[in-house]
Amino acid sequence: MRIGIAGAGTAGLATAWLLDPCHETVVLEGRGDLGGNARTVQVRVGDRALCLDLGVHEVSDQFPLWSRLVRSVGLGPDPLLSVPASRTLQHPGGTRPYLVGPHTPDADRDREVVLGPAWEALGRLGREASRWEEEDLGGEVTVAEAGDWSTLADGMENDVVHALPASVFGCGTHDVAGLAARGVGGFFAAPQPSPSEAAPMQSLKGGTQELARALAGRLSAAEVHLRAPLHRLEAHGDRFAMVEASGRRHLVDAVVLAVPAYAAAAALQSLAGCTGLRAALGAFTYQELVYAAHLDPFGMPEDRRHWSTTNVTVHDGWSESTTWYGPGHHAEVFVSQVTHRGTPRHEVARAAFHAPLPTPAAHRARRRLAERREEGLYFAGAYTRALDSQEDAVASAVDVARALAPESPRLAQLTNS
Ligand SMILES: Cc1cc2nc3c(=O)[nH]c(=O)nc-3n(C[C@H](O)[C@H](O)[C@H](O)COP(=O)(O)OP(=O)(O)OC[C@H]3O[C@@H](n4cnc5c(N)ncnc54)[C@H](O)[C@@H]3O)c2cc1C
């Protein structure tokens with residue numbers, strides 16, 4: 001078959017890789033580059049060229065499909081970097097952060113850990129989130145309904161339970177209470193944290209876009225078109241025409257929409273019988289997030305002894321992070337969310353993204369998408385699953401490959417542990 005794939009993010013490219021060479025594929029990507037939310041920029045710092053991730057930058061070491069995919073595409077013998085997931089939480093202008101979590105191995109020998117009520121709140125969030133997972137709490141129950149936060153010290157519900165998810169999803173801290181507990185908890189489920197040790201996260205040494213490029217480079221029966229946004233789908237007998245914004249058409253036997261929900265809804269505009277589908281896709285809400293890479297310590301605590309890998313500033317109903325590249329890359333380089341705050345003095349790159357919010361309405365829409373049965377039309381992308389993560393983007397591609405190419409050797413390679 002000839003299969004059209006819209007979107008060359010992790011989900012679209014993993015789908016193309018899994019279908020190759022069982023089927024011919026034609027991939028249409030709207031931007032001028034591969035990777036979607038995985039966007040790596042090269043920055044010169046002194047005599048070094050560093051790969052900085054503006055969007056996707058870390059993955060859990062509990063992501064089995066993603067890890068197997070990285071191994072399968074052959075990114076070199078040792079492509080991963082382990083980084084301590086240490087966290088600092090602060091208010092702007094505060095003389096001292098109210099949380100400086102452990103960081104191992106120590107970034108600085110005289111690092112000062114600050115625990116106290118925020119540490120207790122972080123532990124509670126992790127334990128509650130683990131319980132939500134164990135009890136398989138449905139997507140209808142909100143963060144406010146799922147946990148009793150009243151016994152936390154003053155301010156900790158906002159500054160920890162709401163602020164941390166707000167910095168992940170880009171929403172206001174006041175929006176978090178209404179998000180689906182299960183969708184939020186997936187990012188924070190953890191046993192009681194150790195006061196002396198930070199959990200490790202991993203990242204790709206060459207940046208996360210490296211995976212996208214490697215996937216595209218391993219395609220043998222595919223056409224990949226950049227700057228080729230899918231404008232609409234048309235029925236063409238029992239086939240589909242994928243019509244680009246430029247008017248160029250591609251005839252295919254099946255279509256995989258691996259674009260954000262709003263772009264999928266727009267592409268279905270002129271396809272008969274898709275009103276319910278478009279309504280479901282319209283129920284996903286997205287939040288804008290702007291990231292900047294910079295060389296000055298914008299967003300970092302004043303006292304270097306309080307620096308962590310991730311430094312979250314809670315301000316004016318928002319909460320925004322600054323990632324320090326010191327721990328993994330030994331470089332004084334930072335990547336900050338700057339959607340609602342000022343601009344770093346020495347900015348070297350910037351990019352804007354849209355992140356889907358895990359709302360109860362999105363959960364219901366996801367169920368409707370999974371239940372629908374349109375011949376030849378498939379949906380992939382992290383938003384089609386409970387968590388917006390690299391693992392879920394790959395898992396969504398696996399679901400499509402199971403339907404379209406169950407005999408794919410690459411599918412077997414990825415799913416047989
Ligand atoms: C800022 C940010 C940071 C993140 N950080 C992490 C992280 O550290 N770790 C993690 O696991 N997850 C992270 N995520 C979640 C991330 O979204 C997923 O990990 C994953 O990258 C999603 O892949 P995707 O292919 O589903 O979607 P996307 O990456 O959004 O890819 C969709 C692609 O479709 C293209 N497109 C859109 N419209 C059209 C059209 N009409 N025609 C053709 N192409 C189109 C887009 O240009 C894009 O390339 C982050 C998300 C954001 C927004």
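The values are calculated or read from the model by the stated rules, or taken from the named source; none is laboratory data. Quick caveat: nothing in here was measured; it's all calculated off a predicted structure. All Cβ positions, glycine included, derive from the backbone under ideal geometry; neighbour counts span all protein chains shown. Protein only, heavy atoms only, side chains kept; ligands, DNA and RNA dropped before computing areas. Shrake-Rupley method; radii C 1.70, N 1.55, O 1.52, S 1.80 Å.
Only residues that are over 30 Å from Val243 (Cα atoms) and either surrounded by 20 or more Cβ atoms within 10 Å (Cβ to Cβ) or in contact with a Phe, Trp or Tyr (Cβ under 8 Å, 6 or more places away or on another chain) (or both): list them for the range 34-57, please.
Leu50, Leu52, Asp53, Leu54, His57
Would you check if there is a residue in the range 360-374 being within 8 Å of the ligand (Cβ to nearest atom), farther than 20 Å from Leu268 by Cα and touching a residue at least 60 places away in the same chain (Cβ under 8 Å)?
There is no residue in the range 360-374 that is within 8 Å of the ligand (Cβ to nearest atom), farther than 20 Å from Leu268 by Cα and touching a residue at least 60 places away in the same chain (Cβ under 8 Å).
Kindly indicate whether any position in the range 385-394 is within 20 Å of Gly170 (Cβ to Cβ) and without any contact (Cβ under 8 Å) to a residue 24 or more places away in the chain.
The answer is yes, given that some residue of the range 385-394 is within 20 Å of Gly170 (Cβ to Cβ) and without any contact (Cβ under 8 Å) to a residue 24 or more places away in the chain.
Scan (1) more than 14 Å from the ligand (Cβ to nearest atom); (2) surrounded by 21 or more Cβ atoms within 10 Å (Cβ to Cβ) for the single condition Pro260 breaks and write down its number.
Among (1) more than 14 Å from the ligand (Cβ to nearest atom); (2) surrounded by 21 or more Cβ atoms within 10 Å (Cβ to Cβ), Pro260 violates only (1).
Assess whether Leu18 counts as being open to solvent by 10 Å² or more (accessible area, probe 1.4 Å) and within 14 Å of the ligand (Cβ to nearest atom).
Answer is no for this residue.
Is one or more of the residues making up the range 271-278 among the aliphatic types (A, V, I, L, M) and either within 11 Å of the ligand (Cβ to nearest atom) or in contact with a Phe, Trp or Tyr (Cβ under 6 Å, 6 or more places away or on another chain) (or both)?
The answer is no; no qualifying residue exists.
Among the residues in the range 326-333, are any among the β-branched types (Val, Ile, Thr), open to solvent by 20 Å² or more (accessible area, probe 1.4 Å) and not assigned by TED's automatic domain parsing to the domain that holds Arg385?
no
Kindly indicate which of Ala85, Ala49 is assigned by TED's automatic domain parsing to the domain that holds Ser321 and either within 16 Å of the ligand (Cβ to nearest atom) or free of Cβ contacts under 8 Å to residues at least 60 places away in the same chain (or both).
Answer to the selection: Ala85.
For the range 188-247, what are the residues that are open to solvent by less than 50 Å² (accessible area, probe 1.4 Å), closer than 30 Å to Leu122 by Cα and more than 18 Å from the chain's Cα centre (by Cα)?
Of everything in the range 188-247, those that are open to solvent by less than 50 Å² (accessible area, probe 1.4 Å), closer than 30 Å to Leu122 by Cα and more than 18 Å from the chain's Cα centre (by Cα) turn out to be Ala190, Pro193, Ser194, Ala198.
Out of the residues in the range 1-10 meeting the condition of being within 15 Å of the ligand (Cβ to nearest atom) and either within 24 Å of Ser246 (Cα to Cα) or not assigned by TED's automatic domain parsing to the domain that holds Val256 (or both), tell me which one is surrounded by the most Cβ atoms within 10 Å (Cβ to Cβ).
Ile5
For residues in the range 386-404 being within 9 Å of the ligand (Cβ to nearest atom) and not in a helix (DSSP H, G or I), which is farthest from the chain's Cα centre (by Cα)?
Taking the candidates together, the pick is Leu387.
Looking at (1) outside the structural domain of Ala405 (by TED's automatic domain parsing); (2) out of contact with any helix residue (DSSP H, G or I) (no Cβ under 8 Å at 6 or more places or on another chain); (3) within 16 Å of the ligand (Cβ to nearest atom); (4) open to solvent by 50 Å² or more (accessible area, probe 1.4 Å), which is the only condition Arg31 fails?
It is condition (1) that Arg31 fails.
Would you confirm, using the coordinates I've provided, whether Val256 is out of contact with any Asp or Glu (no Cβ under 8 Å at 6 or more places or on another chain), part of a strand (DSSP E or B) and not assigned by TED's automatic domain parsing to the domain that holds Leu369?
no
Is there a residue being within 12 Å of the ligand (Cβ to nearest atom) and open to solvent by 10 Å² or more (accessible area, probe 1.4 Å) anywhere in the range 405-414?
No, every residue in the range 405-414 fails to be within 12 Å of the ligand (Cβ to nearest atom) and open to solvent by 10 Å² or more (accessible area, probe 1.4 Å).
Scanning the range 297-312 for residues that are over 23 Å from Asn37 (Cα atoms) and open to solvent by less than 10 Å² (accessible area, probe 1.4 Å), which turns out nearest to the chain's Cα centre (by Cα)?
Looking at the filtered set, the residue picked out is Ser308.
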